[in-house]
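A.B. asks: Got a structure for you, questions after.
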Amino acid sequence: MARNVMVSVLAAMTIAGAGAALAAVPSNLTAALGDAARPPADSARDMARKPAELLALGDVKPGQKVADFMMGSGYFTRILSSAVGPKGWVYAYQSAEFIKFRAAYGTEQSSAVADYKNVTALTAPLSAVGLPDGLDLVLSVQNYHDLHLKAFPIETADLVNKQIFKALKPGGVYLIVDHAAVPGTPLEASDKLHRIDEAIVKKEVEAAGFKLVTEDDKLLGNPDDPKTALVFDKSIRGKTDQFVLKFRKPK
């Protein structure tokens, strides 16, 4: 447990940079990194994933209702649970299609929510995600491109974006992080490389009614990534160039 907390503290110091940036990261987020219930493997990834800065960009506050969309192993689910606190709620979504494809996704979801009383697991199909209305934030990290996999109907991304728009309250935030493809790369990169052109994401999400308010290519960026390799290739895994897009539902 001591190692877990120490890694989180070091991550917070890294986030702070020279020191001035620390004040910009709310205390609920830095405290969430030190949550003793987080697995050490999660804390070890904080320096690379910069979760406090990312969630600060998403305006995450205590008492909010938020969703971790396509939650993966639950890395962000655990942080969000602590960050919104006992008066807040987290909806941890993993699609039925992904669980059918890989049963471990369901196991990881169960493990991630087990220690948190303010988390609800959702496993509906992408065609009917089942997010409740009135959400403050929907977070999608490294999985928007999956909405364009060949296994899914061509309209999947548009349908999901419309569902998320409906679920968010006016002024709510849709925060997307994904692996960058070379600008102009067609959607085939979603299957072949698990990357997507940032411009495609902007166009699709804005078509659902959202307004782009922030785009950040530096927070999780890597200018040395040529953006041509599969993200799971050992030469680039964990070091891909990633973009961050913050959209807001108009009030």
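Results for (1) modelled with pLDDT under 95; (2) farther than 19 Å from Gln242 by Cα; (3) among the basic types (Lys, Arg); (4) in contact with a Cys (Cβ under 7 Å, 6 or more places away or on another chain), shown as yes or no for each residue.
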| position | (1), (2), (3), (4) |
| --- | --- |
| Leu131 | no, yes, no, no |
| Gln142 | no, no, no, no |
| Ala151 | yes, yes, no, no |
| Asp178 | no, no, no, no |
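A.B. asks: Quick check on my filter: what residues within the range 112-155 are among the hydroxyl-bearing types (Ser, Thr, Tyr), over 18 Å from the mean Cα position of the chain (by Cα) and in a helix (DSSP H, G or I)?
C.D. replies: Ser127
A.B. asks: Can you tell me which residues in the range 191-226 are basic (Lys, Arg) and touching a Lys or Arg at 6+ places or on another chain (Cβ under 7 Å)?
C.D. replies: Arg195, Lys211
A.B. asks: Still on this structure, I have one more. Output the number of residues of the range 40-56 satisfying the condition of being of a type outside the set (Lys, Arg) and surrounded by fewer than 18 Cβ atoms within 10 Å (Cβ to Cβ).
C.D. replies: So the count comes out to 5.
A.B. asks: Another question about this same structure. Go through the range 59-90 and report how many residues are at pLDDT 95 or above, surrounded by fewer than 24 Cβ atoms within 10 Å (Cβ to Cβ) and under 11 Å from the mean Cα position of the chain (by Cα).
C.D. replies: Going through the range 59-90 one residue at a time, the tally reaches 2.
A.B. asks: Return the residues of the range 21-57 that are in contact with a Leu (Cβ under 9 Å, 6 or more places away or on another chain) and not in a helix (DSSP H, G or I); say none if nothing qualifies.
C.D. replies: Val25, Pro26, Lys50
A.B. asks: Which members of the range 166-205 meet the condition of being over 21 Å from Gly58 (Cα atoms), surrounded by 22 or more Cβ atoms within 10 Å (Cβ to Cβ) and of a type in the set (Ser, Thr, Tyr)?
C.D. replies: Ser190
A.B. asks: Output the residues belonging to the range 162-202 that are assigned to a strand (DSSP E or B) and under 12 Å from Arg248 (Cα atoms).
C.D. replies: Passing the criteria: Leu168, Lys169, Pro170, Gly171, Gly172, Val173, Tyr174, Leu175, Ile176.
The values are calculated or read from the model by the stated rules, or taken from the named source; none is laboratory data. The structure displayed is predicted, hence computed values, not measured ones. All Cβ positions, glycine included, derive from the backbone under ideal geometry; neighbour counts span all protein chains shown.
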